[in-house]
Amino acid sequence: MQKPSSSLRLVIVGGVAAGASAAARARRLSESASIILLERGPDVSFANCGLPYYVGGEIAQRAALAVQTPQTLKALLNLDVRTSTEAVAIDRPGKRVQVRSLGSGTTEWLPYDNLLLAPGAVPLRPALPGIDDARIFTLRSLQDMDRIKAAAVEAKRVAVIGAGFIGLEMAEQFVRLGKQVTLVELLDQVLPPLDKPMTLFIEDELRRHGIDLILGDGIESFDCGAALTCRLKSARRIEADLVVLSIGVRPDSALARDAGLALGPRGHIRVNEFMQTSDPDIYAAGDAIESNDLVTGDPASVPLGGPANRQGRLVADHIFAPTLAKPWPGLLGTAIVRVFDVSAGLTGWSEKRLRAAGRPYRTITVNDSQHAGYFPGAKPIILKLLWDPETGRVLGAQAAGLAGVDKRLDVLATALAGKLTIDDLAQLELAYAPPFGAAKDIVNLAGFAACNTRDGLVTPVETLQDDPNVQILDVRPPALVQSHPLPRPATANIPLAALRLRLGELDRSRPVVTVCALGKTAYFAARILAQNGFQVSCLTGGIRAHWDPRSPAKLPTP
Ligand SMILES: Cc1cc2nc3c(=O)[nH]c(=O)nc-3n(C[C@H](O)[C@H](O)[C@H](O)COP(=O)(O)OP(=O)(O)OC[C@H]3O[C@@H](n4cnc5c(N)ncnc54)[C@H](O)[C@@H]3O)c2cc1C
């Protein structure tokens, strides 16, 4: 029989995001429960997401990263915090966990009524030749951060391996420190969770800041002489004084595995909608777990701070106030990164994931400004939307731009959580005054464009096919046509204002693709042509959404 919550003994393994969040909520629900927080490292409840910014000096005070200390957690929450203490075994029938003090080496068994496993994830460090060189780092803890910051003092050349969220943040911070930075990514794009066209702005920004970006190449080995040389699969070599590996993480789930708890195919701890593992007295939360995808319900794991904190809170609710506990809705993978002046992120499914999973989808890309174009400071923003062709339900979104990206991603994450459709997006009433937004926000525009597609008013295409039968109508102003030539010459360059008068320059028997800089003018042109009997489609997002940042001309701006 479950003990009354007042006398419950809760032991938590892992004292950072999920673990500390669970402990704090548990105490707020029960003043008299025994709550022990075990942490292998010397710190609890620190801001891991802030680590790159202290390396680069943008966060000046190290103390700012220590959100709580064992002392404050004792004083504020009466928690029994044991740092430098590792949980090494679980005796499930006996309901006790064995812990080892990393200082003294002594071990003891702690009884529990409920156990929470919040051990997080470990950065990948593949067994490559030379990987143990002291100049090669990964970043997870405050101590990793201190080591990188110290090594960066002398380092002139830095190689960052992996252009995901953490790799990009580190590359940016090393540039801030005046280092010569090389960023290597195995895929042919940065930010692997996004679709490639949406990452081009980040690529452009990295190169604009002097970062040597190497895509489609991976690390093969390290030569560890006086100089540290990274050998890439392409045989290219990069000399570096300091290397940061940010190529992903794996769940730190050995304790759960050894205790016989059910794991997913990649080693994540399986949990139900209340974060209970295959043993209902043992919960798990954070980077180490596999829960479900919010959109599809399929198994999913997302190593991000938001889910970890909320899952920890849910665990405390389920133990101490089960009637308050709401089942976990699932993961969206909402994430964002800032790279110098550009931000980019996503929520829900990307096009490449949908395609790989064989799920039906439709997509459009729209460009606009983060607020009314006439108001000073308007900055470009681009938004890609994916939806279910049958129901119109939003499946995912990605955004990139110089301002306002976070706000749009958050609106769209809320739309996904609320199972909203493209019609809902078209009708959303969002905060508007010229310094903040537009009367038709880019989220509304995405809804309009998606509905137009669904309703057959426009047929979007994502590339300019090489089919000689297809006529390409470029409706950009002549100056832009010259400065940013299309990959394939247009059949006709007719600015929108002249189009109705010059329809005779196009062949009505052949299909037409309309092209402009941002997508909107091409849509207007497509409507004119469609109503004049042409078979027409329109390059979604304009050439801006497809611009190769390696091209000598800069990305077209609105
Ligand atoms: C550099 C960096 C930047 C990040 N930036 C962002 C960001 O901007 N946005 C975002 O959403 N997420 C970000 N994240 C991810 C986010 O920090 C994690 O998703 C989140 O911390 C996971 O929480 P967790 O509680 O599962 O694990 P953690 O916060 O990693 O905590 C797990 C703790 O458990 C301890 N532990 C493990 N095993 C044992 C054991 N047997 N005994 C005792 N203790 C144990 C570990 O030492 C560790 O301290 C970032 C992560 C890093 C490393």
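The values are calculated or read from the model by the stated rules, or taken from the named source; none is laboratory data. These numbers were taken from a predicted model, which means no experiment stands behind them. Note: ideal-geometry Cβ built from the backbone for every residue, glycine included; neighbour counts use all protein chains shown. We work out accessible area using only protein heavy atoms, side chains counted, and drop any ligands, DNA or RNA first. Shrake-Rupley method; radii C 1.70, N 1.55, O 1.52, S 1.80 Å.
Of all the strands (runs of 3 or more DSSP E) wholly in segment 208-253, which have at least 1 residues that are open to solvent by 10 Å² or more (accessible area, probe 1.4 Å)? Lay out the reasoning, then the answer.
Numbers: elements: 212-215, 219-224, 228-232, 237-240, 242-245, 249-251.
Qualifying strands (runs of 3 or more DSSP E): 212-215, 219-224, 228-232, 237-240, 249-251.
Would you mind listing the strands (runs of 3 or more DSSP E) fully within segment 271-368 where at least 1 residues are open to solvent by 20 Å² or more (accessible area, probe 1.4 Å)? Lay out the reasoning, then the answer.
Values: elements: 282-284, 289-292, 335-339, 342-348.
Counting at least 1 such residues, we get 289-292, 335-339, 342-348.
For LEU65, work out the one condition from (1) touching a helix residue (DSSP H, G or I) at 6+ places or on another chain (Cβ under 9 Å); (2) without any contact (Cβ under 8 Å) to a residue 24 or more places away in the chain it doesn't fulfil.
With (1) touching a helix residue (DSSP H, G or I) at 6+ places or on another chain (Cβ under 9 Å); (2) without any contact (Cβ under 8 Å) to a residue 24 or more places away in the chain applied to LEU65, the lone miss is (2).
Can you say whether GLY103 is at pLDDT below 95 and either under 26 Å from GLN276 (Cα atoms) or within 16 Å of the ligand (Cβ to nearest atom) (or both), as far as the supplied structure shows? Lay out the reasoning, then the answer.
On the way: at pLDDT below 95: yes; either under 26 Å from GLN276 (Cα atoms) or within 16 Å of the ligand (Cβ to nearest atom) (or both): yes.
Taking the combined requirement at face value, the residue satisfies it.
Identify the residue in segment 431-483 that is of a type in the set (S, T, N, Q) and outside any helix (DSSP H, G or I) and, among all such residues, is least open to solvent (accessible area, probe 1.4 Å). Give the steps one after another, and end with the answer.
Initial filter on segment 431-483 (of a type in the set (S, T, N, Q)): 444, 452-453, 459, 463, 465, 469, 471, 482-483.
Add one more test, that the residue is outside any helix (DSSP H, G or I), and what stays is 459, 463, 465, 469, 471.
Working: THR459: 72, THR463: 89, GLN465: 78, ASN469: 74, GLN471: 3 Å².
Restricting to residues being of a type in the set (S, T, N, Q) and outside any helix (DSSP H, G or I), the top hit is GLN471.
If I filter segment 438-451 for residues that are more than 30 Å from the chain's Cα centre (by Cα) and within 18 Å of ALA545 (Cα to Cα), do I get at least one hit? Step through it out loud before you land on a result.
Filtering segment 438-451 down to residues more than 30 Å from the chain's Cα centre (by Cα) leaves none.
The answer is no; no qualifying residue exists.
List pairs: first residue in segment 299-317 and among the charged types (D, E, K, R), second residue within 7 Å of the ligand (Cβ to nearest atom) and outside any loop (DSSP other than H, G, I, E, B) anywhere in the structure, Cβ distance under 8 angstrom, at least six positions apart or on different chains.
Pairs that qualify, where the first residue is among the charged types (D, E, K, R) and the partner is within 7 Å of the ligand (Cβ to nearest atom) and outside any loop (DSSP other than H, G, I, E, B): there are none.
Condition check ((1) within 15 Å of the ligand (Cβ to nearest atom); (2) closer than 27 Å to ILE289 by Cα; (3) open to solvent by less than 80 Å² (accessible area, probe 1.4 Å); (4) in contact with a helix residue (DSSP H, G or I) (Cβ under 7 Å, 6 or more places away or on another chain)) across all residues:
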{"site": "PRO111", "(1), (2), (3), (4)": "no, yes, yes, no"}
{"site": "LEU115", "(1), (2), (3), (4)": "yes, yes, yes, no"}
{"site": "PRO123", "(1), (2), (3), (4)": "yes, yes, yes, no"}
{"site": "ALA155", "(1), (2), (3), (4)": "no, no, yes, no"}
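Could you identify the single residue in GLY50, GLY19, GLY15, GLY57 that is under 25 Å from the mean Cα position of the chain (by Cα) and either more than 14 Å from the ligand (Cβ to nearest atom) or part of a strand (DSSP E or B) (or both)? Outline the logic, then answer.
Working: GLY50 fails: either more than 14 Å from the ligand (Cβ to nearest atom) or part of a strand (DSSP E or B) (or both); GLY19 fails: either more than 14 Å from the ligand (Cβ to nearest atom) or part of a strand (DSSP E or B) (or both); GLY15 fails: either more than 14 Å from the ligand (Cβ to nearest atom) or part of a strand (DSSP E or B) (or both).
Going through GLY50, GLY19, GLY15, GLY57 in turn, just one is under 25 Å from the mean Cα position of the chain (by Cα) and either more than 14 Å from the ligand (Cβ to nearest atom) or part of a strand (DSSP E or B) (or both): GLY57.
Can you pull out the residues in segment 135-178 that are part of a loop (DSSP other than H, G, I, E, B) and under 19 Å from ARG250 (Cα atoms)? Can you show your working first?
As a first pass, look at segment 135-178 and keep what is part of a loop (DSSP other than H, G, I, E, B): 135, 138-141, 155-156, 162-164, 177-178.
Of everything in segment 135-178, those that are part of a loop (DSSP other than H, G, I, E, B) and under 19 Å from ARG250 (Cα atoms) turn out to be THR138, LEU139, ARG140, SER141, GLY162, ALA163, GLY164.
Is there a residue in segment 76-94 that is closer than 30 Å to ALA171 by Cα, within 15 Å of the ligand (Cβ to nearest atom), polar (S, T, N, Q) and touching a residue at least 40 places away in the same chain (Cβ under 8 Å)? Show your work before the answer.
Kept after step one, since they are closer than 30 Å to ALA171 by Cα, are these residues of segment 76-94: none.
No, because not a single residue in segment 76-94 is closer than 30 Å to ALA171 by Cα, within 15 Å of the ligand (Cβ to nearest atom), polar (S, T, N, Q) and touching a residue at least 40 places away in the same chain (Cβ under 8 Å).
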